[in-house]
1. Given the whole protein assembly as supplied and a 1.4 Å probe, what does the accessible area of Phe171 come to in Å², nearest 10?
2. In the range 24-106, what GluC sites (Glu not before Pro) fall in a loop by DSSP, with at most 11 other Cβ atoms inside 10 Å?
3. I'd like to know how the range 28-93 sits against the 2.2 N^0.38 Å rule of thumb: what's its Cα Rg over that expected value?
4. Taking 7 Å along the Cα-to-C-beta vector as the label spot, tell me the Ser139-Leu164 distance in nanometres, rounded to one decimal.
5. When the chain is fully extended, how far beyond the present Cα-Cα distance does Asp103 get from Arg10, taking 0.36 nm per residue of separation?
6. Only Cα pairs under 8 Å and at least 6 apart count here; give the relative contact order of the range 45-132 as a rounded whole percent.
Amino acid sequence: MSPVAPPVQRAMAVASAAVIAVGIVLFSWQTFTVLAFYWLENVVIGGFTLLRIFAAGARTERHAESLGSGVFFTAHYGLFCLVHGIFVATLFGNFSSAHGLFDPVLLMIGRIGGDWIGLLVIVSMVVAAAFDAMRAWSSMNPDDENVIKTIMFEPYGRIIVLHLVLIGGGFLMQLLQAPALAALLLVAFKLAYDLTLLGRSVPSVLTRRAAKRSRSA
């Protein structure tokens, strides 16, 4: 059974969206700021995925496989996030990469974490990702030969869909000529997306084993 009940995670998703909405209304955050936070969230999720890969390797004593998968994931997922971050920073934040490839991303992170409410959002994202990693860890089947690869590829479906939709939505929202409304609509979409994902149950190890025994009986 998962150590974190889904209602808790749904409450954290709503709270995070509410904090961002406060930033939009009270601190005049634009669509770019919202996109930047959601980009950073994917980076945080990638970090916890890497920890889960190494933890799974230690638990299953497949250290070499977890090390190789971790290196591959860091390079591949990291490059994906870097390119997307540069894309968001240059197109929506008007940051220039003339002085360095990483400058737009570093400037973007500095902007969204430059005040207390921005730091609060970042902390809430880290906490939510940690709880989600714990929930996924509790449902991991150590007897599964593909468990490390499964963990490694988990974030990709989410990140690809979310990136494409949010970027497309960012362009659409800019056309509305209503920055605050556009940003709030993005927050509402992201919250609906997160709640949909959280509504999908994660079967526990015991449940999977029981199902396996019933099929073999």
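1. 90 Å²
2. Glu61
3. Numbers: Rg = 15.2 Å, N = 66, 2.2 N^0.38 = 10.8 Å.
Ratio of Cα Rg to 2.2 N^0.38 Å: 1.40.
4. Distance between the two pseudo-spin positions: 2.3 nm.
5. Working: separation 93, 0.36 × 93 = 33.48 nm, distance 3.45 nm.
Contour length minus the Cα-Cα distance gives 30.0 nm.
6. Working: 48 pairs, mean separation 17.5, N = 88.
Relative contact order of the range 45-132: 20 percent.
The values are calculated or read from the model by the stated rules, or taken from the named source; none is laboratory data. All of these numbers come straight from a predicted model, not from anything done at the bench. When we count neighbours, we look across all protein chains shown, and the Cβ atoms used for this are built from the backbone with ideal geometry, even at glycine. Note: areas computed on protein heavy atoms with side chains; ligands, DNA, RNA excluded. Shrake-Rupley method; radii C 1.70, N 1.55, O 1.52, S 1.80 Å.
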